[in-house]
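Q: Below are the structure tokens for one structure; questions will follow.
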Amino acid sequence: MKNIAVIGSGTMGNGIAHAFAQHGYHVTLIDIAAEALKKALATIEKNLSRQVEKGAITEATRAEALTRITTLTDMAAGVKNADLVVEAATENIELKLKIFQNLDAAAPAHTILATNTSSISITRIASATQRPEKVIGMHFMNPVPVMKLVEVIRGYSTSDETTRAVMELSGKLEKTPVEVNDYPGFVANRILMPMINEAIASLYEGVAGVEEIDTVMRLGMAHPMGPLQLADFIGLDVCLSILRVLHDGFGNPRYAPCPLLVNMVQAGHKGVKSGQGFYTYT
Ligand code: CAA
């Protein structure tokens, strides 16, 4: 694999493009908005510079990585030479089905179509294509250049060959891939989101305050961020939508989102991206 196309240039998309370009792959970063692509390139440049300052990569690696990234607003043109496409668009099922239908029509027959979805069924997404054996989940963690995990999710029809190729490729990005099956929340969010929901419920029930809950988990469990700070970082709207996928998918009340989370999202308090969540961001 040499040529990678990444669909969507938001936080995850630009992080994924960054990781591939840093490790020698040619990346076409695709977004419908030219302005978003400009912003994504500036973010990648800033994050690569941060790695140079920390001594994690050399100045030459930074410069070469930047030359390997091309940006485009035309998806069909952007995937025509791709060996792998990683879709990192908004978490909306209808949008993803449409994108995969279009990718299937535009990408060469050998191309693997991966999605970075955090909770939408890979099997459902694959059903929009004529190549379900080549559709797979490649779930990166935020911030992508730093986090070592890729959760590799096999849909119902994903082939061994596709899985092997994506596991190998993830290793070449100096990440550790973990193979899991396609059930609601996969593994990462099936375990993470109930913890976050429980932290919110502890706040809602007055067990402790925001800082107290986060301090217990940071210092007591050695988590780099407390669960409420992490929820702000992920986006409270994203947390709510993943909890709804778990709740609907398993039909078990233990996944019901805490009413405080629902209220906060309805009030527009989505965490870091909106400037307000459990903490205030300026
Ligand atoms: N690009 C490149 N480097 C970055 C970076 C980025 N975007 N963000 C941080 N870094 C680097 C920093 O340069 C620093 O490098 P050194 O260790 O070499 O000094 C290192 O990462 C740590 O960063 P900081 O010193 O700025 O800050 P920190 O120590 O507070 O760490 C953090 C920041 C890495 C985000 C850390 O707080 C952390 O690990 N938090 C938890 C993150 C997490 O749980 N992510 C998963 C979220 S769930 C998800 O993504 C999936 C989902 O489906 C919801």
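We did not get these values from a lab; they are worked out from the coordinates using the rules stated. In this text the structure is predicted, and so the values were computed from the model without any measurement. All Cβ positions, even for glycine, are placed from backbone atoms using ideal geometry, and neighbour counts span all protein chains on display.
Q: With everything on Cα atoms, drop me the angle between helix 236-250 and the longest principal axis of the chain, reported from 0 to 90° to the nearest 10.
A: 90
Q: Return the percentage of antiparallel bridges among DSSP beta bridges fully within the chain, rounded to the nearest 5 %.
A: Among the beta bridges of the chain, antiparallel pairing accounts for roughly 20 percent.
Q: What's the angle, to the nearest 10 degrees (0 to 90), between helix 188-204's Cα axis and the longest principal axis of the chain?
A: 30
Q: When the chain is modelled as a GNM with alpha-carbon springs shorter than 10 Å, which of VAL135, VAL216, VAL187 fluctuates the most?
A: VAL216
Q: Something else about it: Local charge sum around LYS273 (other residues, Cβ-Cβ under 14 Å, Lys/Arg +1, Asp/Glu -1)?
A: Neighbour charge sum, excluding LYS273 itself: -1.
Q: Kindly give Rg over Rh for the stretch 46-143, based on alpha-carbon atoms, with the Kirkwood expression for the hydrodynamic radius.
A: Ratio of gyration radius to Kirkwood radius for the stretch 46-143: 1.05.
Q: Okay, next question. Take the Cβ-Cβ distance between THR67 and ALA42 as r, set R0 to 22 Å, and report the resulting FRET efficiency rounded to the nearest 0.05.
A: So the FRET efficiency works out to roughly 0.85.
Q: Pick out, in residue order, every one of the GluC sites (Glu not before Pro) in the stretch 123-193 that is DSSP loop and has at most 13 other C-beta atoms within 10 Å; say none if there are none. Show your work: numbers first, answer last.
A: On the way: sites: GLU133, GLU151, GLU161, GLU168, GLU174, GLU179; in loops: GLU174.
Sites meeting the loop and neighbour criteria: GLU174.
Q: Mind listing the long-range amide H neighbours of THR71? Cut-off is under 5 Å, sequence gap 5 or more, other chains count too, H placed in the peptide plane at 1.01 Å from N.
A: Answer set, sorted by chain and number: LEU29.
Q: Further question on the same structure: Is the shape of the stretch 189-273 best called rounded, prolate or oblate, per the rule: a/c under 1.5 gives rounded, else a/b larger than b/c gives prolate, else oblate, with a ≥ b ≥ c the square roots of the Cα gyration tensor eigenvalues?
A: Working: a/c = 1.57, a/b = 1.35, b/c = 1.16.
Here the stretch 189-273 falls in the prolate category.
Q: Would you mind telling me which residue in THR123, THR73, THR58 has the biggest mean-square fluctuation in a Gaussian network model of the chain, where springs connect alpha carbons within a distance under 10 angstrom?
A: Maximum fluctuation in the GNM of the chain, among the listed residues, is at THR58.
Q: Compute the helix-to-body angle for 34-53: its Cα long axis versus the longest principal axis of the chain, expressed 0 to 90° and rounded to tens.
A: 80
Q: Express the relative contact order of the stretch 170-282 as a whole percentage, based on alpha carbon pairs under 8 Å and six or more residues apart in sequence.
A: Relative CO of the stretch 170-282 lands at 24 percent.
Q: Here's another thing I want to ask about it. Using the Kirkwood radius built from alpha carbon pairs, what does the Stokes-Einstein equation give as D for the stretch 3-181 at 10 °C and 1.306 mPa s, in µm² per second? Mind dumping the intermediate values first?
A: Values: Rh = 16.0 Å.
After rounding, the answer is 100 µm²/s.
Q: On a C-alpha basis, how far is the centre of the stretch 233-248 from the centre of the stretch 107-171 in Å? Whole number, if you could?
A: 21
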